Amino acid sequence: MSPLKGKHIILGICGGIAAYKSVSLLRLLVKAGAEVQVVITPAGKEFITPVTLSSLSQKPVVSEFFTANTGEWHSHVDLGLWADCMVIAPATASTLGKMAHGIADNMLVTTYLSAKSQVFIAPAMDLDMMAHPSTQANIESLRSYGNIIIEPESGELASGLVGKGRMEEPEKIVDVLEEYFSKSLDLIGKRVLITAGPTREKIDPVRFIGNYSSGKMGYSLAEKFASRGAQVTLVSGPVALKIDNPSVTLVKVESAREMLEACTHVFPDMDIAVMCAAVADYAPKDVAERKIKREHDDVPVIHLVKNPDIAASLGALKKDGQTLVGFALETDHEVENACEKLLRKNLDMIVLNSMRDKGACFGTDTNKVSIIASDGSRMDFGLKPKCEVADDIIDFIIGLRKKFMID
């Protein structure tokens, strides 16, 4: 049985010569048991008729915001909530640019912007358009948003030239989707705890001790776990990020002790816990009740006390069947320090990154990690968008649980 059986899939079709392949893709998706809703751009209808697409999908094709003769409104929001994934094939250079910059002037782009599930994009265009810096920048932006890019193939193009720009074959696109949903089966029904962002330790009512964590890595993990079928509890320190996914429960905290309390409350019911937050190691022993005034007060002496180690605390509570993941941000002796934390905190695996790697760590959209497991296995990854790093981490977790026969 195909893992696509019963899945709700939006198939977006743009105005390019490769639109003829979308008919085969639609047919294969329906044959695999998926329920497919086609959304086509006005230009797409110049290449393939809605009648053909509707007869294959057994659904009216959506192209405009409303039906002209009845005034029936087509809700892109409802479509975004309905879908288990969205596939845009072919994706033209024009549509890639609109998607990357939020130019919502047609039904396909507004549906993309409303999508709550994983989006797959299969570009198709002439080789010069594909190679243009603006197109490449748009593709990288879309990749950084968490979209999966199905790279085009090299071959003979409609222009008669030969180069990269041919939309991937429908059979291979279906393979990508089946592989994605096969992985998701491992997480359906699983409960996952994730910590994210910094903590703030108050000095007085207006000042605090903190760090530069943006929370992007933890939020990417939450989105990816949820898109792959898990029920996620995200315990987040103060960040400027938002998350809008019905499978993610957001718990906002400020201090390390608040984060510990929130984590210990839910941890006994979790299958997986990922400690991604950058928790402050120390907090002021005493918090001033009023703002410390430079003009009237002496230079304050702040006495610090150790904050609780949240990962180690959960490691002491961990039961059989639970997987506990830690993070280590190091400046020197990286692997040695990470392995020491792995052992001391009773972790099953640890994700290591180094301050010496440009483009990794705090505030960036990319990361470069190594993953080390308690059995000594290790994988090193290159610099990637954090959304892709999240997939690497999740895949490693799933593989580790299978290795130790954890259902």
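Worth a mention:
- Pairs linking a residue in region 30-58 that is farther than 21 Å from residue 178 by Cα to a residue that is surrounded by fewer than 15 Cβ atoms within 10 Å (Cβ to Cβ), with Cβ atoms under 6 Å and 6 or more positions apart or on different chains, are 54/60.
- Of all the residues in region 216-233, those that are in contact (Cβ under 8 Å) with a residue 60 or more places away in the chain and either open to solvent by 10 Å² or more (accessible area, probe 1.4 Å) or assigned to a loop (DSSP other than H, G, I, E, B) (or both) number 7.
- Figure legend. Inter-residue proximity from region 394-407: first residues under 13 Å from residue 187 (Cβ atoms), second residues exposed (fewer than 14 other Cβ atoms within 10 Å of the Cβ), beta-carbon distance below 6 Å, spacing 6+ or different chains. Indicated pairs: 406/321.
- Taking region 87-113 as the range and being farther than 22 Å from residue 136 by Cβ and open to solvent by less than 20 Å² (accessible area, probe 1.4 Å) as the test, the residues that pass are 106, 107, 110, 111.
- Search result, residues across region 317-340 that are closer than 22 Å to residue 261 by Cβ and open to solvent by 20 Å² or more (accessible area, probe 1.4 Å): 317, 318, 319, 327
- Summed over region 341-362, residues that are over 20 Å from the mean Cα position of the chain (by Cα), at pLDDT below 90 and buried (at least 18 other Cβ atoms within 10 Å of the Cβ) total 1.
- Residue count for region 115-137 satisfying the condition of being open to solvent by less than 20 Å² (accessible area, probe 1.4 Å) and either more than 15 Å from residue 14 (Cβ to Cβ) or in a helix (DSSP H, G or I) (or both): 3.
- Subset tally (residues that are open to solvent by less than 60 Å² (accessible area, probe 1.4 Å) and either touching a helix residue (DSSP H, G or I) at 6+ places or on another chain (Cβ under 8 Å) or charged (D, E, K, R) (or both)) for region 186-215: 12
- Residues of region 218-239 that turn out to be within 14 Å of the chain's Cα centre (by Cα) and closer than 16 Å to residue 397 by Cα, as a count: 13
- Filter result for the condition that a residue is outside any helix (DSSP H, G or I), over 20 Å from the mean Cα position of the chain (by Cα) and without any contact (Cβ under 8 Å) to a residue 60 or more places away in the chain, over 163, 97, 189: 163
- Matching residues in region 242-256 - criterion: being buried (at least 16 other Cβ atoms within 10 Å of the Cβ), more than 13 Å from the chain's Cα centre (by Cα) and not hydroxyl-bearing (Ser, Thr, Tyr): 250, 251, 253, 254, 256
- Filter pass, residue 183 being modelled with pLDDT of 95 or more, assigned to a helix (DSSP H, G or I) and out of contact with any helix residue (DSSP H, G or I) (no Cβ under 6 Å at 6 or more places or on another chain): no
- For region 347-363, the criterion of a residue being touching a helix residue (DSSP H, G or I) at 6+ places or on another chain (Cβ under 7 Å), part of a loop (DSSP other than H, G, I, E, B) and of a type in the set (Asp, Glu) is satisfied by at least one position.
- Residue that is surrounded by the fewest Cβ atoms within 10 Å (Cβ to Cβ), among those in region 164-177 that are over 15 Å from residue 2 (Cβ atoms) and touching a Lys or Arg at 6+ places or on another chain (Cβ under 8 Å): 169
- Total residues in region 143-163 satisfying the condition of being open to solvent by less than 50 Å² (accessible area, probe 1.4 Å), closer than 12 Å to residue 128 by Cα and not aliphatic (A, V, I, L, M): the figure is 1.
- Restricting attention to region 138-160, the residues that are in a helix (DSSP H, G or I) and either hydrophobic (A, V, I, L, M, F, W, C) or more than 22 Å from the chain's Cα centre (by Cα) (or both) add up to 2.
- Criterion: under 21 Å from residue 394 (Cβ atoms) and open to solvent by 50 Å² or more (accessible area, probe 1.4 Å) - qualifying residue of 281, 269: 269
- Residues that are open to solvent by less than 60 Å² (accessible area, probe 1.4 Å) and either more than 21 Å from residue 195 (Cβ to Cβ) or hydrophobic (A, V, I, L, M, F, W, C) (or both), drawn from region 386-407: 387, 389, 390, 393, 394, 396, 397, 398, 399, 400, 406
- Where residue 301 falls short, out of the listed (1) in contact with a helix residue (DSSP H, G or I) (Cβ under 7 Å, 6 or more places away or on another chain); (2) of a type in the set (A, V, I, L, M); (3) over 19 Å from residue 367 (Cα atoms): (1)
The values are calculated or read from the model by the stated rules, or taken from the named source; none is laboratory data. Please read all numbers here as calculations on a predicted model, not as lab measurements. Virtual Cβ from ideal backbone geometry, glycine too; neighbours counted across all protein chains shown. Quick note on the areas: whole protein, heavy atoms, side chains included, nothing else; ligands and nucleic acids left out. Shrake-Rupley method; radii C 1.70, N 1.55, O 1.52, S 1.80 Å.
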